[in-house]
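Shown next, in structure tokens, is the structure this report addresses.
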Amino acid sequence: MQKVKLPHSVDPSKSAMKRSDYSGVIASKDMERLSEAVVSCDEWVNAEVQFEKDAQGLTVFHGHLDTQVSLICQRCNGEFDYPLHVDFCYSPVQGQGDIDSETLPEAYEPVEVNDHGEVNLLQLFEDELILSLPIVALHAEEDCAMSEDDMQFGEIEPEQERPNPFAVLKELKRDQE
């Protein structure tokens, strides 16, 4: 199957009127911020996007992204592959004043369109992929080169017991009784 490149920007309203469906790829080399956040990324990000009008007449586009990246394990400093699977659902809005919590259902994430009514899909998809990266990249414990014994760095000496400073008050209370 031939890989078809998706457009970097699209007019969601026009695409929703046509009920457009896009299924293709975006070159990961075009996603500079994602490339900087990972060790390496697959050459292509598989993407599927469907544009439509919902029951309320709102323009909506949803779909999913799939790719694989390599990360550095923060436990053992080894490289490991991490699959990224992202589902998204957006509704375009014109400026921040257009966002109304009553008119936009919770299931839709607002995305701002530019002056030409277009959404930058490349930037939007890159943001979604970056947000789906783990906060702390770690292997599964059974796959990690560091064992539990390797993570112990000495023993903590028990603290010396000091006399309770309130013991004197306890003695005074006994004397008064």
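The values are calculated or read from the model by the stated rules, or taken from the named source; none is laboratory data. Fair warning: this is a prediction, and the values are worked out from it, not measured in the lab. Using ideal geometry, Cβ is built from the backbone for each residue, glycine included, and neighbour counts are taken over all protein chains shown.
Out of D98, D81, D66, which single residue is closer than 18 Å to I26 by Cα and either modelled with pLDDT of 90 or more or not hydroxyl-bearing (S, T, Y) (or both)?
Result: D66 is the single residue among D98, D81, D66 that is closer than 18 Å to I26 by Cα and either modelled with pLDDT of 90 or more or not hydroxyl-bearing (S, T, Y) (or both).
The number of residues in segment 1-30 that are more than 28 Å from E106 (Cβ to Cβ) and hydrophobic (A, V, I, L, M, F, W, C) comes to 4. Answer yes or no: is there a residue in segment 60-71 that is more than 16 Å from the chain's Cα centre (by Cα) and surrounded by fewer than 17 Cβ atoms within 10 Å (Cβ to Cβ). Looking for residues that are more than 16 Å from the chain's Cα centre (by Cα) and surrounded by fewer than 17 Cβ atoms within 10 Å (Cβ to Cβ), one finds none in segment 60-71, hence no. Here segment 24-39 is the region considered, the condition is being among the aliphatic types (A, V, I, L, M) and in a helix (DSSP H, G or I), and the residue that is nearest to Q50 (Cα to Cα) is L34.
Of everything listed in (1) outside any helix (DSSP H, G or I); (2) at pLDDT 80 or above; (3) under 30 Å from L6 (Cα atoms), the single unmet condition for P105 is (2).
Per-residue answers, yes or no, for (1) among the acidic types (D, E); (2) closer than 14 Å to V10 by Cβ:
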{"residue": "C76", "(1), (2)": "no, no"}
{"residue": "E79", "(1), (2)": "yes, no"}
{"residue": "V86", "(1), (2)": "no, no"}
{"residue": "Q94", "(1), (2)": "no, no"}
{"residue": "E106", "(1), (2)": "yes, no"}
{"residue": "V113", "(1), (2)": "no, yes"}
{"residue": "E118", "(1), (2)": "yes, yes"}
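Checking each residue in segment 55-69 for being farther than 15 Å from D127 by Cα and free of Cβ contacts under 8 Å to residues at least 24 places away in the same chain picks out A55, G57. When segment 1-21 is filtered for residues that are in a strand (DSSP E or B) and touching a residue at least 40 places away in the same chain (Cβ under 8 Å), the ones remaining, listed by number, are S9, V10.
Can you name every residue in segment 24-39 that is surrounded by 13 or more Cβ atoms within 10 Å (Cβ to Cβ) and either touching a residue at least 12 places away in the same chain (Cβ under 8 Å) or hydrophobic (A, V, I, L, M, F, W, C) (or both)?
In the first step, residues of segment 24-39 are kept if they are surrounded by 13 or more Cβ atoms within 10 Å (Cβ to Cβ); the result is 24-28, 30-31, 34-35, 37-39.
G24, V25, I26, A27, S28, D30, M31, L34, A37, V38, V39 - these are the residues of segment 24-39 that are surrounded by 13 or more Cβ atoms within 10 Å (Cβ to Cβ) and either touching a residue at least 12 places away in the same chain (Cβ under 8 Å) or hydrophobic (A, V, I, L, M, F, W, C) (or both).
Inclusion of D150 among residues that are in a strand (DSSP E or B) and either more than 23 Å from the chain's Cα centre (by Cα) or at pLDDT 80 or above (or both) is not warranted. If you scan segment 40-53, which residues turn out to be in a loop (DSSP other than H, G, I, E, B) and surrounded by fewer than 15 Cβ atoms within 10 Å (Cβ to Cβ)? Across segment 40-53, the qualifying residue is only E43.
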